């Protein structure tokens, strides 16, 4: 009688819905998305400690984000053929070493090279992280969970890092980055979950086999463009939140307090998005969020009242986190193979790579108020893109995925 031998890998496979797997994804997501939390302190340190002008500081951060984009674009089509654990571990390890090297130099050219290489390493690690989340049974919910972890990490980062940099100098910023990436590499080695396939979901969507992957539909591309435009706006404004506060004479302590408040506020949007997954139509959320974002950007960059500045600055990132959770869940339903969402870093960082250098250039020639006008234009484009997404409310969860064989 013919019997089927058991697959030994099943005993050691880490699942995305296990506690260990979620921890691995949380840490990888937090490390890979560090730039979204670090932008004000990052740009501010490059200006204040390294004496670069806003355009140069923005360019360095843009090189990091550009590296993320290139790595994500190259990796995403091959996501289903890669070991997520290996890519994540090696990517974060390479980034840790790169930031360690950055702490030893003040030369602009060397810093530019290191920023680009660290960005590429981070992009590879973050791509497999987001692709793995996309193939979970509840991608909207799991993405909300890892974003909640990012919000918690942001509180500690924004509360501690500026003080460390103030006492130890600019190089301390890169040592903090390196320590975070080293921790992510270690956790990924032992806790990064195995990617799962979702054959049932693919069959429902009519997706072909992985040997002949389908091209993304128009709705998916509009969703990708909308995310990029929203991220341009966020990165452009958020990169100079600290600088505009100081320029308005609010004082370093008051501005630092706003950044700490921002960190606490960012704890709320991801859990709220998870709670409202089936109560709010995703398309309605996505069309509305850029309008709110533009209004907040205009306030931050133009007001001379500290209360208005602090209130707007403390929630501007939360709006993006809330809407992106809905965008992630909707795109996971529209494209169930995981390839589109493994390119999430490219979606986010294409916008984020443009934002700092665009913002720095506008400030250099036209002043801080010009960022508000640019935000209105970009957010109008995002509304147009999101309006092309299908009208559908929160869908039922996708069929439970079957674990991929090692």
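Distance from the alpha carbon centroid of the range 16-54 to that of the range 82-97 works out to 16 angstrom. Using a Gaussian network model of the chain in which every pair of alpha carbons under 10 angstrom is joined by a spring, one finds that among 371, 334, 276 the greatest mean-square fluctuation is at 276.
Hey, if you drop one equal point scatterer on each alpha-carbon of the range 263-385 and run the Debye formula without solvent, what base-10 log of I(q)/I(0) do you get at q = 0.09, 0.13, 0.21, 0.23 Å⁻¹? Each listed q maps to, in turn, -0.28, -0.59, -1.35, -1.47. Counting beta carbons within 10 Å around each of 380, 118 and listing the fewest first gives the order 380, 118. Counting only alpha carbon atoms, the long axis of helix 369-386 and the longest principal axis of the chain meet at about 20°. P(r) tail, the range 130-187: Cα-Cα pairs separated by more than 12 Å, 73% of all pairs. A simple spin-label model places pseudo-atoms 7 Å from Cα toward Cβ; at residue 275 and residue 179 they are separated by 3.4 nm.
Stretching residue 219 away from residue 380 to a fully extended chain increases their span by 56.2 nm, per 0.36 nm per residue minus the current alpha-carbon distance.
How many angstrom separate the Cα center of the range 126-157 from the Cα center of the range 340-363? Taking the Cα centre of each part, the range 126-157 and the range 340-363 sit 19 Å apart.
Placing a pseudo-label 7 Å from each Cα along the Cα-to-Cβ vector at residue 160 and residue 18 gives an inter-label distance of 2.8 nm. Segment residue 190..residue 284, full-extension length gain: 29.9 nm, with 0.36 nm per residue of separation and the alpha-carbon distance subtracted. Computed from Cα positions, the angle between helix 34-48 and the longest principal axis of the chain comes to roughly 20 degrees. If you line up the long axis of helix 252-265 against the longest principal axis of the chain, both from Cα atoms, how many degrees apart are they, to the nearest 10? Computed tilt is about 20 degrees. Between 88, 136, 387, the residue with the greatest mean-square fluctuation in the GNM of the chain (Cα pairs under 10 Å linked by springs) is 387. Extension gain for residue 49 to residue 105 (0.36 nm times residue separation, less C-alpha to C-alpha distance): 18.9 nm.
Residues 386, 157, ranked from the fewest to the most other C-beta atoms within 10 Å, line up as 157, 386. Taking 308, 282, 318 as the candidate residues, the one with maximal mean-square fluctuation in a Gaussian network model of the chain, Cα springs under 10 Å, is 308.
Based on Cα contacts under 8 Å between residues 6+ apart, the range 15-395 shows a relative contact order of 30 percent.
None of the figures in this text is laboratory data; all of them are computed from the coordinates on show. This structure is a prediction, so every number in the text was calculated from the model and none was measured. Neighbour counts are summed over all protein chains in view; Cβ atoms, including those assigned to glycine, are modelled from backbone coordinates with ideal geometry.
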